[in-house]
Amino acid sequence: MHEFWSTQPVPQGEKEAQEGPLEKKTVDDVPKSPYPIASVLEWWVPDVLESEDDLRQIYELLRDNYVEDDDSMFRFNYSHAFLKWALTPPGYVKEWHVAVRRKNDKSVVAFISGIPIDIAVKPSAGGDAEVRKMCEINFLCIHKRLREKKLAPILIKEVTRRVNVLDIWQAVYTAGIVLPTPFTSAQYFHRSLNPEKLVAIRFSRIPPQYEKFQNPMQMMKRNYAVPNAPAVRGFREMEAGDVPAVKSILNASLAKFSVAPTFTEEEVHHWLLPREGVVFSFVVADSNNVATDFVSFYSLPSTVIGNSKYNELNAAYTYYYSANTVPIKVLMGDVLSAAKAKGFDVVNTLDILDNKEFLQDLKFGPGDGNLHYYFYNWGYPIVQPKSVGLVML
Ligand SMILES: CCCCCCCCCCCCCC(=O)SCCNC(=O)CCNC(=O)[C@H](O)C(C)(C)COP(=O)(O)OP(=O)(O)OC[C@H]1O[C@@H](n2cnc3c(N)ncnc32)[C@H](O)[C@@H]1OP(=O)(O)O
Ligand SMILES: CNCc1cccc(CN2CCOCC2)c1
């Protein structure tokens with residue numbers, strides 16, 4: 001059971017693992033050369049910022065081989081612009097973008113990414129959070145033709161080496177599957193914006209109680225209709241001048257959670273300013289045009305696998321927010337309007353942050369997917385998703 005993960009510094013299910021590092025090594029202990037890999041393969045560092053062709057190769061690997069739902073009806077289709085954004089925040093390390101190519105034709109067969117992140121972790125006994133520089137791991141992907149050959153542990157060990165050599169010893173990551181050992185498990189919720197398309201691609205079903213209506217789909221459209229303009233006075237798109245205020249209110253909001261990132265001004269600029277087709281952010285500005293509230297969402301489409309009428313599901317995912325002068329359910333109501341106006345079919349979210357405060361009133365329904373959260377080399381007790389303030393792309 002867990003031939004690889006049983007060898008790793010992650011909680012192994014024993015109770016009461018101590019909080020904090022599970023093993024202590026120094027940079028001197030870290031191998032200086034890359035982990036050995038099959039002779040027909042080679043390590044490769046794509047230049048996702050400067051090379052559109054390198055970025056295209058990572059994009060295509062993920063488009064065709066990344067995460068699908070359990071029934072293989074949908075597969076994530078992160079865009080080029082989204083991947084460039086997700087992989088190159090301030091202080092990113094090019095070598096933490098770890099790819100594997102076939103030597104003969106240079107085709108990309110696998111990938112795993114790491115980016116730097118400052119995570120504030122509160123001791124479970126209470127008290128001040130400890131801010132720890134960690135690596136956030138994402139986009140682990142092996143080509144469908146190379147699955148179940150133990151290549152994933154090799155990718156994980158190599159990215160670990162490249163992180164350790166820079167004196168960073170913890171990571172945070174999420175997965176849709178249960179591994180040793182989650183510190184929280186969140187549930188997905190979905191808010192229909194385009195019920196007709198969602199039913200046509202079998203993302204949604206017409207609830208049985210609608211069958212009593214003469215025109216069930218008409219009733220579904222009515223139920224999920226949203227205003228086409230924001231309700232909150234002073235609601236507008238975020239702009240560069242809002243960065244200092246957003247940094248202040250967002251860090252204050254996130255400090256309430258047991259596990260959450262902290263953002264520098266440069267990180268607020270990178271992660272939270274609007275980027276067309278990628279991330280959408282809004283503030284509520286007071287009479288001096290100073291941001292008092294903030295809310296955001298990102299675009300993550302999925303390929304619809306094998307549907308004749310539609311080949312893409314346009315999904316928005318709720319991102320970070322700070323609700324201070326208006327309740328989050330009012331602020332998120334304006335997100336639904338903005339997402340509908342921009343052509344999204346659905347808004348997806350998790351029961352992390354204060355999201356449970358709006359799920360019911362805004363007509364989100366539970367999904368059948370979960371997102372499990374993990375630390376690498378950091379013992380931490382299992383906490384409820386509502387005490388987690390980290391959003392993973
Ligand atoms: C200090 C710095 C540390 C940095 C590193 C921190 C750790 C980061 C960890 C990674 C965080 C990733 C976050 C995300 O990106 S989550 C998204 C993961 N990607 C996908 O689901 C895309 C589609 N699937 C695939 O591409 C492959 O199936 C993958 C690549 C997922 C596995 O490839 P394959 O199916 O061909 O298997 P194998 O024969 O090579 O290897 C089998 C071993 O791999 C373990 N496995 C399977 N799936 C995952 C998974 N999602 N996280 C961690 N481990 C996983 C599995 O339990 C088994 O180990 P053990 O059970 O026998 O022990
Ligand atoms: C947070 N990063 C994207 C993600 C990665 C892996 C797994 C999941 C969650 N799955 C998605 C597919 O449908 C079922 C639930 C999401």
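The values are calculated or read from the model by the stated rules, or taken from the named source; none is laboratory data. Computed from a prediction, not measured in an experiment: that's the story for all the values here. Quick reminder, even Gly has a Cβ in these numbers, built from the backbone with ideal geometry, and neighbours come from all protein chains shown.
In region 43-93, how many are away from ligand 1 (no atom under 16 Å from the Cβ) and of a type in the set (D, E, K, R)?
The total comes to 7.
Quick one: which strands (runs of 3 or more DSSP E) sit completely within region 288-393 and have at least 1 residues that are at pLDDT below 95?
365-376
Could you list, in sequence order, the residues of region 1-24 that are of a type in the set (A, V, I, L, M, F, W, C) and either within 16 Å of ligand 2 (Cβ to nearest atom) or farther than 12 Å from P381 by Cβ (or both)?
Matches in region 1-24: M1, F4, W5, V10, L22.
Could you list all residues from region 136-150 that are within 17 Å of A175 (Cα to Cα), near ligand 1 (Cβ under 7 Å from one of its atoms) and either touching a residue at least 60 places away in the same chain (Cβ under 8 Å) or not assigned by the TED database to the domain that holds A110 (or both)?
I137, N138, F139, C141, I142
Quick one: which residue in T174, T184, T160 is within 27 Å of K25 (Cβ to Cβ), among the hydroxyl-bearing types (S, T, Y) and away from ligand 2 (no atom under 16 Å from the Cβ)? Steps first, answer last, please.
Numbers: T174 fails: away from ligand 2 (no atom under 16 Å from the Cβ); T184 fails: away from ligand 2 (no atom under 16 Å from the Cβ).
Only one candidate passes the filter, namely T160.
Closer than 21 Å to P180 by Cβ, of a type outside the set (A, V, I, L, M) and exposed (fewer than 11 other Cβ atoms within 10 Å of the Cβ): does that describe Q8?
no
Suppose we keep only residues that are assigned to a helix (DSSP H, G or I) and in contact with a Gly (Cβ under 7 Å, 6 or more places away or on another chain) within region 78-103. Which one would you say is surrounded by the most Cβ atoms within 10 Å (Cβ to Cβ)?
Pass one, region 78-103, residues assigned to a helix (DSSP H, G or I): 80-87, 94-96.
This time we only want the ones that are in contact with a Gly (Cβ under 7 Å, 6 or more places away or on another chain), so: 81, 96.
Numbers: A81: 16, W96: 21.
Once the filter is applied, the top-ranked residue is W96.
When you go through E42, E23, E50 one by one, which is the residue that is more than 29 Å from T303 (Cα to Cα), part of a loop (DSSP other than H, G, I, E, B) and of a type in the set (D, E)?
Among E42, E23, E50, only E23 is more than 29 Å from T303 (Cα to Cα), part of a loop (DSSP other than H, G, I, E, B) and of a type in the set (D, E).
Is it the case that D54 is under 27 Å from the mean Cα position of the chain (by Cα), free of Cβ contacts under 8 Å to residues at least 24 places away in the same chain and within 16 Å of ligand 2 (Cβ to nearest atom)? Spell out how you get there, then give the answer.
Numbers: under 27 Å from the mean Cα position of the chain (by Cα): yes; free of Cβ contacts under 8 Å to residues at least 24 places away in the same chain: yes; within 16 Å of ligand 2 (Cβ to nearest atom): no.
Here the answer is no, as D54 does not meet what is asked.
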